[in-house]
Amino acid sequence: MKHTAGPWEVTNAKHAVSDTFGIKDANGSWIAKCHPFNGDGVGIETAQANAEFIVRACNLHYELVGACKSALDIINSYSHIPALFRACETLQEGIAKAEIS
């Protein structure tokens, strides 16, 4: 299964009941909406921050995975140093989690 191609962007859609911060693809199609909730402390600012965080993470996903792989290649040549060995393990674990489809 494939996800909607990026880049994604945050939009503010005014509705009769509440402000909704939407996430749209490059063609302007809705992907998701982040709503403020009443009574639990999640307000408009948090809904906007959530939408912006999702968009940043998704838009940078492949770039960050590539950077991690490049760093892993470099650090692997020094993996005989204990601290760098652990860094290699951490990068490998993160890359594996990020590439789950």
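Points worth noting:
- Near pairs, Cβ below 7 angstrom, 6+ apart or cross-chain, from the range 50-63 (within 18 Å of residue 97 (Cα to Cα)) to any residue that is surrounded by fewer than 15 Cβ atoms within 10 Å (Cβ to Cβ) and not small (Gly, Ala, Ser): 59/7
- Search result, residues across the range 84-101 that are small (Gly, Ala, Ser) and surrounded by 11 or more Cβ atoms within 10 Å (Cβ to Cβ): 87, 94, 98
- When residues of the range 13-31 are limited to those that are surrounded by fewer than 15 Cβ atoms within 10 Å (Cβ to Cβ) and at pLDDT 80 or above, the one nearest to residue 62 (Cα to Cα): 26
The values are calculated or read from the model by the stated rules, or taken from the named source; none is laboratory data. The model shown is predicted, which means the values in this text are computed figures rather than measured ones. Note: ideal-geometry Cβ built from the backbone for every residue, glycine included; neighbour counts use all protein chains shown.
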